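*Asks:* Before anything else, here's the structure in question.
The values are calculated or read from the model by the stated rules, or taken from the named source; none is laboratory data. Everything quoted here is computed from the prediction, not taken from an experiment. In this analysis, Cβ positions are derived from the backbone assuming ideal geometry, glycine residues included, and neighbour counts consider all displayed protein chains. Just so you know, the surface numbers come from the protein's heavy atoms only, side chains and all, with ligands and any DNA or RNA stripped out. Shrake-Rupley method; radii C 1.70, N 1.55, O 1.52, S 1.80 Å.
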Amino acid sequence: MPDAPGPRIVAAMRHALILALTLAACTADGDYPRLLPTEQALAEPALPAHATAARTDPAPLEDATAARAAALQARADALRGPVVDPGLRGRAGG
């Protein structure tokens with residue numbers, strides 16, 4: 001009766017399987033992101049053209065954001081109430 005494969009063989013087989021799956025995932029027609037030079041990847045991001053108004057006067061954007069946050073907070077507070085109203089709970093015997 002042959003012995004079970006050693007731990008080195010099992011590890012090598014796992015690595016070979018991972019390598020084979022990795023190579024199978026790499027196809028010539030795959031859409032891969034474009035690599036950027038280090039200077040470009042680490043550079044400060046440029047604001048898009050539609051964001052120049054927020055850069056010159058951020059108050060309207062901050063006001064709109066605060067209003068949206070308040071509306072969401074009010075909506076969340078309204079959802080914290082009981083799921084079953086007391087009348088239905090009474091009719092159900094609870």
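*Asks:* Return the FRET efficiency for the residue pair L36, A16: r is the Cβ-Cβ distance, R0 is 22 Å, and the value is rounded to the nearest 0.05.
*Replies:* 0.10
*Asks:* Follow-up question, since we're still on this one. Starting from 0.36 nm per residue, how many nanometres of slack lie between L23 and D77 once their C-alpha separation is accounted for?
*Replies:* So the extension gain works out to 14.3 nm.
*Asks:* Something else: Applying the Karplus parametrisation 6.51 cos²θ - 1.76 cosθ + 1.60 with θ = phi - 60° to the phi angles of the stretch 55-69, what ³J(HN,Hα) value in whole Hz is obtained for each residue in order, glycine and proline being reported as x?
*Replies:* With the stated coefficients, the stretch 55-69 comes to 6, 7, 9, x, 4, x, 5, 5, 5, 5, 5, 5, 5, 5, 5 Hz.
*Asks:* May I ask you to give the percent of accessible area on the chain that is carbon plus sulfur, with a probe radius of 1.4 Å?
*Replies:* The computed percentage sits at 65.
*Asks:* Restricting attention to the stretch 3-94, which trypsin sites (Lys or Arg not before Pro) occupy a DSSP loop and are surrounded by at most 14 other Cβ atoms within 10 Å?
*Replies:* Passing sites in the stretch 3-94 are R34, R80.
*Asks:* Give me the dipole magnitude in Debye, nearest 20, for the chain about the Cα centre, with unit charges on the beta carbon: positive for Lys and Arg, negative for Asp and Glu.
*Replies:* Its charge dipole is roughly 560 debye.
*Asks:* With a ≥ b ≥ c taken as the square roots of the eigenvalues of the C-alpha gyration tensor of the chain, please select rounded if a/c is under 1.5 and otherwise prolate if a/b is larger than b/c or oblate if it is not?
*Replies:* Oblate.
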